[in-house]
Amino acid sequence: MSDAVQKFEEGLARVAAGFETTFAQCPDESSLRAAAAKLIGGSGEVTQLLKLMPQLPGDRRKELGQRANALKNAVQSAFDARLEGLARAARQAELDAPPIDPSLPGRGLARGALHPITRTIDALLDVFASIGFEVTDAPEIELADFNFTRLGFPPDHPATDMQDSFFVAGGEIGAPGVKRFEDQVLLRTHTSNAQVHEMSRRRTIPIACISAGKVFRRDDDATHSPMFHQIEGFWVDRGISFAHLKGVLTTFVKRMFGEQVPVRFRPSYFPFVEPGGELDVGCTICRPYDEPGSEAQRARTDACRVCKSTGWLEVLGCGMIHPVVFEHCGWDPKEVTGFAFGMGIDRIAMLRHNVGDIRLLYENDIRFLSQL
Ligand SMILES: [Zn+2]
C-alpha cells in the first residue's frame, strides 16, 4: 500500500471513529459549529483529505474518493441532527421554565411631580397668603366687559389693539345676541378680570385678593407663548396709599427672592391704574448686590444676558386703582382707595430655574422638566 493510501485510510478511520461522540458532547450551538468546522470546514480534516486525492494511485482513487465523500455527508448529517436537537432542547427548557423570571431586574415606577409652573404659582400664592391676601379664582373665558370695559379700556382704546386677543367663535360682534363691545366673548388677556369680579361682587371692605392662572394673547417666540400665566393682586380699603403698595410688594420680593435682593419702583402706564409703576428686583442671576462695586461682580453683570447687563429684572406692574375702575364696579372712589399689581409667572419660573426659552416649559419633555 502506498504511503498516500495509508495516510488517507488512517484519516478516514480517525474521523469516522470520533465525530459522533464529539458532536454529542457539544453543549451548545457555538461549540458544535466549531467542532464541525474542524472536520468539514475550509481547512477541516476531511477537506484536507480530499485535497490529497490527486496523489492517490489511479486504481484506488475512485473508491477512496467515494468513501471520503460519504464520510463528509455523514458528518454533515450528524451536525444537522445535533443542531436541531440543541434548538429543540433549548425551546423545551423555555417551555418547562416557570412562566415568569424573577431574576430579571424590575421596571422602576416613575414618580409624578408638580410642573415647575405649578410649583411657582404655589410659592407665589403662599407668600401673598402669608401677607394676608385671600386666594380667589376667575374665568378664563370672559366677557369683554370684565376683561376690558370695567378696567377702563373704552372699545377704541389703543390698549385693546395692543392686546391682540383670541375671540371665541360666535362671541364676536355680529354673532347672534352680541351687539355691544362689552358682550363679546374672548379668552382673557390678563388675570385683572379677577379684580373686576371680586370688586363687583363684594360690598364690604377691606378686600384683599390674589388670583393666578392662564391668560392668552397672540404672541409666539422664545420669550412669549400664546398661553402663559399671570398672578394678580389688589387691596381695597379706606385710606390705602402708595406707601401700602410699596410695603406689600417690597415684603413680597424679600420673601420670594431673599432679604438681600433690592427693589426699585419706576413710573409706567397701565390703563387701569393711576399712578402706575413697574417694580424691578436686583438680578438674581448675576447678583450685583452680593459684593457691590467689586471687579468680579462687575464682570459677572457685564456678561449677564438675563438682565442684559443692567443688574435689574422687571418683574411686575403695579399702581393705584383708577377711580373709573371703582365706579365701574360700584364703589365710590372718594370713599375707598386701593392698589393692584400683576406679574408674569412664567418669567418668575424661568428666573427660578434659569431657563432661557419659555416654550421649553410647555413641551412637556419629562427629560427636561425632571431637571428643574
Ligand atoms: Zn444679571
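Nothing in this text is a laboratory measurement; each read-out follows from the coordinates by a stated rule. Just so you know, these numbers come straight off a predicted model, no measurement behind them. We place every Cβ from the backbone using ideal geometry, glycine too, and count neighbours over all the protein chains shown.
Charge tally for G319 (other residues, Cβ to Cβ under 10 Å; Lys, Arg +1; Asp, Glu -1): -2.
Which whole-percent values make up P(r) of the chain when all C-alpha to C-alpha distances are grouped in 20 Å steps starting at zero? Bin by bin from 0 Å, the calculated values are 21, 32, 10, 12, 16, 8, 1. Note that the range 337-350 has calculated 3J(HN,Hα) couplings of 10, x, 10, 9, 8, x, 8, x, 6, 4, 5, 5, 5, 4 Hz, one per residue in order, obtained from phi through the Karplus relation 6.51 cos²θ - 1.76 cosθ + 1.60 (θ = phi - 60°); glycine and proline are x. With 0.36 nm allotted per residue and the present C-alpha distance subtracted, the S43-R255 stretch has 68.0 nm of extension available. Please work out the FRET efficiency for the pair T21 and R61, using the Cβ-Cβ distance as r and a Förster radius of 25 Å; give the result to the nearest 0.05. Calculated transfer efficiency: 0.25. For S130 and E295, the FRET efficiency from 1/(1 + (r/R0)^6), where r spans their Cβ atoms and R0 equals 35 Å, is about 0.35. 3J(HN,Hα) along the range 192-208: 5, 4, 4, 4, 5, 4, 5, 5, 6, 8, 8, 10, 10, 10, x, 10, 9 Hz, from the Karplus curve 6.51 cos²θ - 1.76 cosθ + 1.60 with θ = phi - 60°, whole Hz, x for Gly and Pro. Each Lys and Arg contributes +1 and each Asp and Glu -1, all at the Cβ; summed about the Cα centre of the range 116-369, the dipole is approximately 480 debye. Over the range 1-55, all Cα pairs binned in 5 Å intervals from 0 give whole-percent P(r) values of 4, 19, 25, 22, 14, 8, 5, 2, 0, listed from short to long.
Approximating the spin labels as points 7 Å out from Cα along Cα→Cβ, the T204-to-E363 distance works out to 5.2 nm. Here the range 240-372 is described by how far its Cα atoms reach on the three principal axes: 52, 41, 23 Å, from widest to narrowest. Count Lys and Arg as plus one, Asp and Glu as minus one, and take only other residues whose Cβ is under 10 Å from that of T22; the net charge is then +1.
Semi-axes of the equivalent ellipsoid of the range 3-96: what are they in whole Å, largest first, if each equals the square root of 5 times a C-alpha gyration tensor eigenvalue?
Semi-axis lengths for the range 3-96 are 32, 11, 10 Å.
For T189, the residues 5 or more places off, or on other chains, whose built amide H falls under 5 Å of its own are F216. Over all orientations, the range 97-172 has a Cα convex hull whose mean projected area works out to 12.3 square nanometres. In plain terms, the chain from A169 to K246 could stretch by 23.6 nm, reckoned as 0.36 nm per residue minus the Cα-Cα distance.
In the range 236-278, the convex hull through the Cα atoms has an average projected area of 3.6 nm², a quarter of its surface area.
Applied to the range 139-156, the Karplus parametrisation 6.51 cos²θ - 1.76 cosθ + 1.60 on θ = phi - 60° returns per-residue 3J(HN,Hα) values of x, 8, 9, 9, 7, 4, 3, 7, 7, 10, 4, 5, 8, x, 8, x, x, 9 Hz, with x for Gly and Pro.
Amide H to amide H distances under 5 Å link E134 with A208, C209, I210, where only residues 5 or more positions off or on other chains count and H is placed in the peptide plane. Summarising the strand pairing of the chain, around 95 percent of its internal DSSP beta bridges are antiparallel. Under 5 Å from the amide H of V273 lie the amide H atoms of H322, each residue being 5 or more positions distant or on a separate chain, with H modelled from the backbone and absent for Pro and chain starts. Peptides 344-352, 22-30 ranked from most to least packed give 344-352, 22-30, packing being the mean of other C-beta atoms within 10 angstrom over each peptide's residues.
Straight Cα distances below 29 angstrom link K72 to the lysines K7, K38, K51, K62, with same-chain residues fewer than 8 positions distant left out.
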